[in-house]
């Protein structure tokens with residue numbers, strides 16, 4: 001299983017970090033976790049092909065996590081994708097309304113030449129190719145889900161945007177890699193978000209092998225985020241960066 005960071009930033013535009021997006025590939029399955037503005041371009045830069053994309057899992061519906069959904073639906077109407085495999089979109093209740101509203105604003109997002117399948121997810125498990133995905137409600141918005149993806153090779157957890165909650169520890173318990181919100185330096189915590197130190201404390205409680213702090217606001221520039229995290233977690237820490245690739249587990 002391989003993870004590629006497509007966007008490690010936020011809604012605030014900066015040159016080196018696109019908003020949230022993560023590419024996960026395993027056993028012939030290609031999926032995006034979040035699809036913020038610009039993520040499709042990063043997907044192409046990472047060598048991704050829309051012919052191969054199976055699914056998008058949205059953690060919540062803030063624009064910096066889902067704005068490229070409209071771009072994706074428009075792109076898939078191209079004749080070159082006619083007859084492609086179904087595209088599966090997963091998200092909390094509200095997904096159908098989001099897609100319907102986008103289609104009212106932009107009627108040309110209506111699927112043409114392929115099948116679009118919408119899955120409104122509540123906490124629980126579902127299959128994604130050979131993987132089992134567990135969705136857990138996370139403290140951020142009323143429609144926020146974290147995802148834990150488990151294959152024979154290992155497990156990875158994505159917090160999405162998150163504030164302190166026991167559900168994060170449950171989500172990440174024992175995973176190989178925990179991709180976790182760490183939006184601002186420790187002394188500048190924002191409501192609804194974690195800091196490197198808080199993400200690290202959660203990783204330590206969960207007993208994860210590797211922590212990948214992400215979703216960095218510009219306030220993080222020039223700060224020693226690694227030191228903040230190391231103070232509370234003695235496992236492997238890799239700061240997220242756009243187009244960074246990481247192998248997950250043994251497969």
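Quick note: the coordinates plus some simple rules give every number you see, no bench work behind them. Small disclaimer: the values here were computed from a predicted structure and weren't measured. Using ideal geometry, Cβ is built from the backbone for each residue, glycine included, and neighbour counts are taken over all protein chains shown.
Below is a table of values for the structure above.
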| read-out | value |
| --- | --- |
| Criterion (buried (at least 21 other Cβ atoms within 10 Å of the Cβ), within 20 Å of residue 244 (Cβ to Cβ) and touching a residue at least 12 places away in the same chain (Cβ under 8 Å)) met by exactly one of 58, 40, 89, 69 | 40 |
| When residues of region 204-216 are limited to those that are in contact with a strand residue (DSSP E or B) (Cβ under 8 Å, 6 or more places away or on another chain) and not in a loop (DSSP other than H, G, I, E, B), the one farthest from residue 170 (Cα to Cα) | 214 |
| Residue match in region 97-116 (condition: in contact with a strand residue (DSSP E or B) (Cβ under 9 Å, 6 or more places away or on another chain), surrounded by 17 or more Cβ atoms within 10 Å (Cβ to Cβ) and under 27 Å from residue 199 (Cα atoms)) | no |
| Residue among 229, 240, 201, 219 that alone is within 20 Å of residue 161 (Cβ to Cβ), assigned to a helix (DSSP H, G or I) and in contact with a strand residue (DSSP E or B) (Cβ under 6 Å, 6 or more places away or on another chain) | 229 |
| Check on residue 8, touching a strand residue (DSSP E or B) at 6+ places or on another chain (Cβ under 9 Å) and under 26 Å from residue 184 (Cβ atoms) | yes |
| Complete set of residues in region 208-219 that are surrounded by fewer than 23 Cβ atoms within 10 Å (Cβ to Cβ) and either closer than 14 Å to residue 183 by Cβ or without any contact (Cβ under 8 Å) to a residue 12 or more places away in the chain (or both) | 217, 218, 219 |
| Given (1) farther than 25 Å from residue 123 by Cβ; (2) buried (at least 16 other Cβ atoms within 10 Å of the Cβ), number of the condition residue 80 does not satisfy | (2) |
| Selection from region 69-97 of residues that are closer than 14 Å to residue 145 by Cβ and assigned to a helix (DSSP H, G or I) | 95 |
| Count - residues of region 50-67 that are touching a strand residue (DSSP E or B) at 6+ places or on another chain (Cβ under 7 Å) and assigned to a helix (DSSP H, G or I) | 2 |
| Flag if residue 176 is surrounded by fewer than 24 Cβ atoms within 10 Å (Cβ to Cβ), within 18 Å of the chain's Cα centre (by Cα) and under 17 Å from residue 235 (Cβ atoms) | yes |
